[in-house]
Amino acid sequence: MLDIFTDTTGYEAKMWGPSIIGFGSYHYKYKTGHEGDAPLVGFSPRKAKISLYLMLDESVREELLPKLGKHTSGKTCVYINKLEDIDIEVLKALINQSIKFLKETYPD
């Protein structure tokens with residue numbers, strides 16, 4: 001998983017908190033004034049599943065997630081049991097689309 005994210009993003013891995021391995025970063029600021037930094041993409045190997053942190057445009061999400069393979073998902077997380085359950089090329093496309101979406105949404 002580390003190699004897939006590193007090779008696809010071109011970013012070095014960085015720990016975000018105790019369990020998220022993130023790649024790249026962006027600065028967000030909400031209308032409420034709350035702001036901070038977060039990884040462009042990341043993953044967390046948890047006990048039950050591997051969490052993938054991806055922020056996708058809804059149309060991209062609807063197009064690519066059904067092609068990924070065995071997974072469940074929330075708003076910004078995709079959960080997989082193991083790499084063998086998914087299509088790695090689709091994962092790479094999701095990673096690239098997440099980075100594109102966040103760079104367009106939060107240019108600086």
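Can you tell me how many residues within the range 1-26 are in contact with a Phe, Trp or Tyr (Cβ under 8 Å, 6 or more places away or on another chain) and either on the phi > 0 side of the Ramachandran plot or surrounded by 11 or more Cβ atoms within 10 Å (Cβ to Cβ) (or both)?
So the count comes out to 13.
Identify all residues within the range 34-52 that are outside any strand (DSSP E or B) and touching a strand residue (DSSP E or B) at 6+ places or on another chain (Cβ under 9 Å); write none if there are none.
H34, P39, L40, R46, A48, K49
Anything in the range 27-72 that is among the hydroxyl-bearing types (S, T, Y) and either closer than 18 Å to G10 by Cβ or out of contact with any Phe, Trp or Tyr (no Cβ under 7 Å at 6 or more places or on another chain) (or both)? List them, or say none.
Once the filter is applied, which keeps residues that are among the hydroxyl-bearing types (S, T, Y) and either closer than 18 Å to G10 by Cβ or out of contact with any Phe, Trp or Tyr (no Cβ under 7 Å at 6 or more places or on another chain) (or both), the range 27-72 yields Y30, T32, S44, Y53, S59.
Residues of the range 42-87 being buried (at least 16 other Cβ atoms within 10 Å of the Cβ) and among the aliphatic types (A, V, I, L, M), which ones?
Those that are buried (at least 16 other Cβ atoms within 10 Å of the Cβ) and among the aliphatic types (A, V, I, L, M): I50, L52, L54, M55, L56, V60, L64, L65, L68, V78, I80, I86.
Among the listed residues D37, D85, D108, identify the single one that is out of contact with any Lys or Arg (no Cβ under 8 Å at 6 or more places or on another chain) and free of Cβ contacts under 8 Å to residues at least 40 places away in the same chain.
After applying the criteria, what remains is D37.
Against the conditions (1) at pLDDT below 95; (2) hydroxyl-bearing (S, T, Y); (3) touching a Lys or Arg at 6+ places or on another chain (Cβ under 9 Å), where does S25 fall short? Just the number, please.
(1)
Quick one: is S73 over 21 Å from D7 (Cβ atoms), within 15 Å of the chain's Cα centre (by Cα) and among the polar types (S, T, N, Q)?
When the stated conditions are applied, S73 passes them.
When both residues are 6+ apart or on different chains and their Cβ atoms are under 8 Å apart, which pairs have a first residue that lies in the range 1-22 and is more than 21 Å from A48 (Cβ to Cβ), and a second that is modelled with pLDDT of 95 or more and of a type in the set (S, T, N, Q)?
Once the first residue is more than 21 Å from A48 (Cβ to Cβ) and sits in the range 1-22, its partners that are modelled with pLDDT of 95 or more and of a type in the set (S, T, N, Q) give T8/N96; E12/T6; A13/T6; K14/S25.
Does the range 81-99 include one or more residues that are assigned to a loop (DSSP other than H, G, I, E, B) and small (G, A, S)?
Taking every residue of the range 81-99 in turn, none turns out to be assigned to a loop (DSSP other than H, G, I, E, B) and small (G, A, S).
The values are calculated or read from the model by the stated rules, or taken from the named source; none is laboratory data. Computed from a prediction, not measured in an experiment: that's the story for all the values here. When we count neighbours, we look across all protein chains shown, and the Cβ atoms used for this are built from the backbone with ideal geometry, even at glycine.
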